[in-house]
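Following: one structure in C-alpha cells, then a few remarks.
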Amino acid sequence: MIKSVVTAKSQTTLPRGVRQALGVGPGDQLAYIVEGDHAVIMKAASDYEDPAIGAFLDFIERDMVAHPERLKALTPELLERMRALTDGIEVDLNAPIDGDVEI
C-alpha cells in the first residue's frame, strides 16, 4: 500500500509509484470514483483544449481570408526550404516533456 499525507489545505503529493503506475505527469488530469469509504484514482481522458490556441488559429484563418495577398510571401522556394528543414523530424505531441514545466 502506498500512502500520502493530506495537508491543512486538503492537498497531497501523488507518490512517485502512483504517478508511474498511472503514467501521469505535470498537467495531466486525474479522475476519481468514490465507492463507499474508498476511492479509485485513474488518469483522466484528455479532453482539454487550450482556448488561446483556438482563438489564435481562428484569428489567423480570418486574417488569411481577409488578406490573401499576404500568402504570397510563402514562395515555392520558402515552402521547399521549410519542408527540407523539417524532413524526417517526428513530433509526438503526447510525449512527456523533459525538465520542469509550469502550467
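Bear in mind these aren't lab numbers, they're just calculated from the coordinates by the rules spelled out. Keep in mind that what you see is a predicted model, and the values were worked out from it rather than measured. Heads up, the Cβs are rebuilt from the backbone with ideal geometry, glycines too, and the neighbour counts pull from every protein chain shown.
Rounded to two decimals, the Cα radius of gyration of the chain over 2.2 N^0.38 Å is 1.72.
Note: relative contact order over the chain, using C-alpha pairs below 8 Å and six or more positions apart, is 18 percent.
Each residue, Leu93 and Ile2, gets one label point 7 Å from its Cα in the Cβ direction; the gap between the two is 2.9 nm. Distance between the pseudo-spin-label points of Phe59 and Lys9 (7 Å out from Cα toward the beta carbon): 3.2 nm.
Take the Cα of Ala39, step 7 Å toward its Cβ, do the same at Ala21, and the gap between the two points is 1.6 nm.
Helix 51-66: angle to the longest alpha-carbon principal axis of the chain, degrees 0 to 90, nearest 10? Between the helix axis and the principal axis of the chain, the angle is about 10 degrees. Rounded, prolate or oblate: which fits segment 34-84 when a ≥ b ≥ c are the square roots of the eigenvalues of the alpha-carbon gyration tensor, with rounded for a/c under 1.5 and prolate only if a/b beats b/c? Oblate, because a/c is 1.5 or more while a/b does not exceed b/c.
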